[in-house]
Structures are given as C-alpha cells and as structure tokens.
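The values are calculated or read from the model by the stated rules, or taken from the named source; none is laboratory data. Being a predicted model, the structure only gives us computed values, none of them experimental. Methodologically, a virtual Cβ is constructed for each residue, glycine included, from the backbone with ideal geometry; neighbour enumeration extends over all protein chains shown. Protein only, heavy atoms only, side chains kept; ligands, DNA and RNA dropped before computing areas. Shrake-Rupley method; radii C 1.70, N 1.55, O 1.52, S 1.80 Å.
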Amino acid sequence: MAEHESGLAIDGAADEDAAVDVADGAVRGLDPGFVPAEQIGSWIFVAVVVVLATGGLIVAAKAEWIPSFWMPWAIAAAAAVVLLLCWTAAFWPRIEYRHTSYLVSELGLEIRKGVVWRSRVNVPRSRIQHTDVSQGPIQRRYGIATLVVHTAGTESSQVEISGLPLDRAHAIRDFLINWGDGDGV
Amino acid sequence: MESDRGAETEPESRFGIEQRLHPSSLLFTVGRNIQTLLIPGLLVYLFSRGDNWDVWLMVLFVPVTAFGIIHYATVRYRFGADEIVVRSGLINRNVRHIPFARIQNIDLRQNLFHRLFGVSEVRLETAAGSEPEAEFKVLSTAAVDEMRARVFPQTGESDVDEVADAAPVLLELGLDDLVILGLIVNRGLAMVAAVLGIAWQFDLLEETAFSTWVDARVSDMSARDLLLLSLLAVPVVALLLVLLSVTWTILRLWAFRLVAVDDDLRVSCGLLTRIAATVPRHRIQFVTIHETIVHRWFGRVSLRVETAGGGEDEGNTNISRRWFAPLVRRDEALELVRDVQPRMAVDGVDWQPLADGARARMVRRAVIGWSVVTLAGAIVLSPWVGLAAALLIPFGVWSAWRDARYSAWAWTPNGIAYRSGAFTRRLSATLFEKTQVVALHETPFDRRWRMASVRVDTAGAGPAGHAIRVPYLERAVAEELRGELAVRSERAEFRW
C-alpha cells in the first residue's frame, strides 16, 4: 500500500497499483476538508458583501438616493440578506458535502451532485479530451483540489468536482487519461 | 526526396513552388473594409442628427486596409508531398504545416464579384478545433482545382458549379420547392426587423419628410377610412413579407444540391453567392427531422445536422447544418436520413413513451405558466392583456397534451432517438459513438413524482434546435437509460 505515495510524482505518472486502485467503482464522498475550505471561502465572500453593503448604504444615505423614511427598511433588507449569506456560509458546505459523491471505474467518471436540483453525470473514459487538477490557496491549506474533465460536448464540455484529496485527484486524472491508444480523435 | 514524388505526378506541376493569393484579393479586402467600415460611417454622417460612434469607424478604414494589403502580400503557400505549407505575416511571421490527411474538406464561397474574376474564398477545415486550419481570400479557380487534386487525389472535382455527375444526388430543390420553403421559413419578418433595426440605429426613423406627410394624411382621415386602410394594409403587408421571404430563399438556396461522394456529403447552392460545402459523413454528430405546422400543410419536413470540428463561418456553417436538407417530402425523409448516415436510421424503432404522470405534469405546468403570465399581464399592463392571456390557457393545455402524447424515446441499432413537440415537432437521433456525456437530472418536482430526465450531450450542439433531453421518465427507467447509455458510449469509440 506504500505504492500509493509514488503516485504523487509531480509529472503525474502514477504507477499501476495506484491507478487501478482508484478505479474500483466504489462510490466515494469528498474529502472532509472540503467543508472548512468552502466555509472559509464563503465567509470571505460574506465579509466583502458586508463591506460593500455598508459602504453602499452610507453613500446612499449621504447622497439621499434613499429617502430617510425608507432607510430603516433598506438597512433591514440588507441585514436580512447578510444573515442569509451567513447561514449559507456556515451550513451549506456541510449540506453540499453530504450530497456530493463520485465513482471512478473502467467505464469512466460518474459525479453525483446537487442538493435540491440533483444530477448524475457520466463521462465515458474515452470521451475525455484533457483534464485539469487545480487548487486555490484555501484548498491548498486543506490538501484538496478540483478536478475538471474536458470533453467534446457542448453543454458538458467541462465537468468538474471540487473537494477531492489532492493525491486521489492526481490518481484519478492519471487513470482517466491513460485509457488507451489515442486521443479520442 | 519529396521533389521526386512530385515530379512523377505532373511534370508541369507547381510542386514545391510558393504561390500567392490571387491579385484580386486586394480588391476584395478593400471592398470588405468599405462595406464594414466606410458605409456605416457614411450612413451616419449623411443621415444622423446627432453624434454616433460609427463615424469614428471610418477612421479605422485606412489602418485596417493597410493591414489587409500587407497580409495579402505576405501569404504564400506551397505543396509538399503530403502537406501544404502556408506562410503569412510580416511582423509576426507564421509558418503552418497542414498534412493532407488532416484536411477534412475544402469549402468554397463565391459571390457575384468573385465569379466575375473567376476566384473564390477557400477554407480548409480539419478534424478538430473551432477555427479553419487555413483560409484563403481569394484563390483562382485553377488554384483551387490544383489544391483539390493534391489534397484529395482520389476524388476529382472541378469548380464550384460542377459536382461529380456520377455521384448520387440525395436532394435537389427546384423553384417550386424554394417557393414553398420561402413560405415556410418566413424570412420576411426577420429581414424587415433587421432593416428597421439598422434604420433605428442610424436615427433614420426620426422626423423625416415622409413621416410628417404620413402623419398629416392619417390625421385627415375619418375613422372609417382608417379602418378600411388598416384592413387593406394587412394582406398587402403579408404579401410583401412572403415575397421577401421567397426572394431570400431563392437567392440563398438556388439550385440546391445534396450529393454523396464516397464518405462525404456535398452541398452546393446559391444564386448570387455560390457556396460549396462538404460534410464528411463521420463528422455528423446529430440529426434532426424538423417539422412545423406550415411544413405539414405542404407534406414536407426539413433535415438538420450537427457536425463537429470545423470553422464557425456563418455562411457555410448555416448551409451545411441548419439548411442541410431544407425541404424533403415527408415520406422520403426517413430514407434520406438513411442515405445521409445509415447508422442513424430511425425507421421502425420501438418508441417508448414518457412516464404515465408526464401528461398531467406537462398540462399542470402549462396552466401554471400561463396563469402567471395572465396575472403579470393583468397587473403590470392592463386587465385586457390579462384577459387575452387567460384565453390562451386552453391552448396551452392543448399544446401540452399533444406534446405529452407525441414525446417518446427509442433505442436505434447504433444509438438513441428522441422525438418531442406539440405543433412544431422534432425527431432527433445520435449514435453511441457520438455521445459525449450522459447526465440524469432530477428537479425537486421530479423527486415528488419519482421521475427524472436524461440528457445526452454531443459535440457541436445547437444548429438543430433540439437535443436528446428526455424529460418525465420514471426514475427506474431513467436510471437504466443512463446506465445503458454510459456503457454503450464507452464501448463505442469516438472519432471526430
């Protein structure tokens, strides 16, 4: 099982064990680090919104765009929106985490997403044109990554899943790309 | 070396010698720039009341034309043994090697002026990518012949107007077909809208002598005369629109011919501007049989295809996709599909209807949708608008009913087909080997009804105006469909 580590090589060349192990067809959830990473990102967004809203309200008050009669209502509305965003930032990542899963098999990649509007997307292995594995700064801190798979499709030309552990993302990518003798062309 | 092989074929060949664009390219470049830069600017300058951006476009004319001239001067191409090498650019020099094997087709475009000079615009398209590999504006007919002879040595074809006579003609449109098509397509309205748009943009709709004259006359008339005039105007306007549409169709699709040459399908048409486009069979991703009410009146349908890999040039793209087979007799349509792409044949398939609750859901959705429109119209605009919208609710219900009854999906020997529509009906098919991504979607409403929808994504989707998106399937059926599609797609190898 120590073989797995060698699958992390920078050039992305995984060894057979790691590659095969990844494509076992088992349904997996995201890395738990996904939740705090998303939360931090959302909180940053909320902070930005608060700053902008406050600034906007102050400017509107000073410039009399909103008559002072309406000001309390405007503030209340802004506060409600901010509260909603706060709730989203705190709780939504966990909900998303519970509703996202994926599986990799000989047939390709299957991603199950969605809380209210749910979807299951199948990308056949042979249809993958190229892949990206990317990490934002927050993701880097938690060791997770986003895997984007590109196809020749129109609506689904890019299929992505965020919150995979980095080594697994690499292993999946290597497995999906080395599917055969060609480039699908 | 390479030169030896070249010398074998044609002793007088210009093998290995660099050739340039036809001299008239200069004229066409200037002409193009005049059209896009000078004329709008002139229109504004002459007619506009106020200041307008387009005046400043004229200033761009000089540098853009200068670039065009430089480009013409620097484009050189030559033929290698199995590739074409194109050089271009003065400051940024570019050399592009295109192996013949990668070239899928050579498409031509000739308008009146091109024909006067005996030249055409040439595009080389390759298997993948969204840009043509090479574009030559313009080349002489002889140069095009030579290019064709070298790139596709096995098939010979002279100039745009002559398609190999021995090739089976799949579809040919005569004048009567074009008139019918003009009626169906109803381009008149779109053209008038476009003209009005341009006029508005250049402030031509403001107070002019003509409009004041009209205003004066109209205010002089009695109510009865006005009513008579309006009643008279409607059929006259309608007739004008029809004439416009038919004229457009005749100009665009004159002498339309769809021919099968080996593995290629070739389309040629056009009265003033001749277009010759090629569609390699294996590049067809998706096929749709499209049928509106007007189509049905005349017992016709139209066939649209979606292809992948190739440029986005409007003229050729539209002709070879949306207008692939613009008018086909109903009973000949299925046969044409078989001729175009035998593996996509949709005759005799076993159509599976949607889930039992689909009709109820679709009707319910129509009622809710129209009710919202009615309410919105009544509140925002006027109660009369709301009332008018309310009268349309039964129509919406009827439409949903028809759609639910007609919609169905089916396995074909090599792929999947789906049909839908109430009054405008569409039947589409694709192959497993062209399926890119399969997705199952479940809205919260779906969940309540234990239904789901399945979508098949293909390359180059759009021109057909339809997609394999099967809604309102029983959950178990949808799951099975998705799983089966995933397996069969993976097994079938994708080739551009």
- Expressed per residue, the solvent accessible area of the protein assembly as shown in Å² (1.4 Å probe) is about 52 Å²
- Cα-Cα P(r), the range A:68-152, percent of pairs per 10 Å interval: 14, 28, 29, 14, 10, 4, 0
- Counting only protein heavy atoms with a 1.4 Å probe and every protein chain in place, the carbon and sulfur fraction of the accessible surface of chain A in whole percent equals 63 percent
- Item | Surrounding net charge for B:TRP449, when Lys and Arg each add one and Asp and Glu each subtract one, Cβ distance under 13 Å | +4
- Task: Kindly rank B:450-463, A:133-146 from highest to lowest mean number of other beta carbons found within 10 Å of each residue.
- Result: B:450-463, A:133-146
- Roughly to the nearest percent, how much of the accessible area of chain B is carbon and sulfur, given a 1.4 Å probe? 61 percent
- Query: What is the magnitude of the charge dipole of the range A:78-155 about its Cα centre, with +1 placed on the Cβ of each Lys and Arg, -1 on the Cβ of each Asp and Glu, and no other charges, expressed in debye to the nearest 20?
  - Reply: 200 debye
- Task: Kindly provide log₁₀ I(q)/I(0) values, in the same order as q = 0.19, 0.23, 0.24 Å⁻¹, from the Debye equation applied to equal alpha-carbon scatterers of the range B:173-274.
- Result: -1.03, -1.16, -1.19
- Message: I need the helices of chain A that pass two filters: whole DSSP H segments spanning 27 Å or more by Cα along the axis, and mean Kyte-Doolittle score no lower than 0.0.
- Response: A:34-62, A:71-99
- Message: Using only alpha-carbon positions, what ratio does the radius of gyration of the range B:437-496 give when scaled by 2.2 N^0.38 Å?
- Response: 1.23
- Other protein chain Cβ atoms within 10 Å, averaged over every residue that makes up A:125-137: 2
- Query: Is it possible to state the helix-based mean residue ellipticity at 222 nm for chain A, with each DSSP H run of 4+ residues giving -39500 (n - 2.57), the sum divided by total residues, to the nearest 500 deg cm²/dmol? What is it?
  - Reply: -15500 deg cm²/dmol
- Query: With the solvent-accessible surface defined on protein heavy atoms using a 1.4 Å probe, which residues belonging to the range A:152-171 display a reduction of at least 10 Å² in accessible area in the multichain context relative to the isolated chain?
  - Reply: A:ALA152, A:GLY153, A:THR154, A:GLU155, A:SER156
- Message: I'd like to know which of B:TRP401, B:VAL372, B:TRP384 lies farthest towards the positive end of the charge dipole of the range B:353-405, counting +1 on Cβ of Lys and Arg and -1 on Cβ of Asp and Glu.
- Response: B:TRP401
- Query: Looking only at the range A:42-58, which residues have a backbone nitrogen under 14 Å from a spot 7 Å from the Cα of A:VAL81 in the C-beta direction?
  - Reply: A:46-58
- Message: If you take every residue apart from B:VAL301 with its C-beta less than 11 Å away from the C-beta of B:VAL301, what net charge results, scoring Lys and Arg +1 and Asp and Glu -1?
- Response: +4
- Message: Can you tell me, using C-alpha contacts under 8 Å and at least 6 residues apart, the relative contact order of the range B:338-496 as a whole percent?
- Response: 21 percent
- Query: For labels at B:VAL218 and B:LEU271 in the simple 7 Å Cα→Cβ model, what's the distance in nm?
  - Reply: 3.3 nm
- Message: Around B:ALA410, under 13 Å between beta carbons, what's the net of Lys plus Arg minus Asp minus Glu among the other residues?
- Response: -2
- Expressed in nm², what is the orientationally averaged projection area of the convex hull enclosing the Cα positions of chain B? 30.6 nm²
- Theoretical ellipticity at 222 nm over chain B - DSSP helices of four or more residues, -39500 (n - 2.57) apiece, nearest 500: -14000 deg cm²/dmol
- Taking N as the number of residues in the range B:331-456, the ratio of its alpha carbon radius of gyration to 2.2 N^0.38 Å works out to 1.34
- Note on the structure: The Rg/Rh figure for the protein assembly as shown, Cα atoms and Kirkwood Rh, to two decimals is 1.00
- Query: Mind listing the Cα extents of chain A along all three principal axes, in Å, largest one first?
  - Reply: 70, 37, 27
- Note on the structure: Distance in nm between B:VAL237 and B:GLN352 label points, each 7 Å along Cα→Cβ, equals 4.9 nm
- Per residue of B:454-461, count partner chain C-beta atoms within 10 Å of its C-beta, then hand back the mean as an integer. 5
- Item | Pairwise burial A:B, computed as accessible area of each alone minus the pair, summed, 1.4 Å, Å² | 2400 Å²
- Item | Exercise: per-residue mean of other protein chain Cβ atoms within 10 Å, A:113-122 | 6
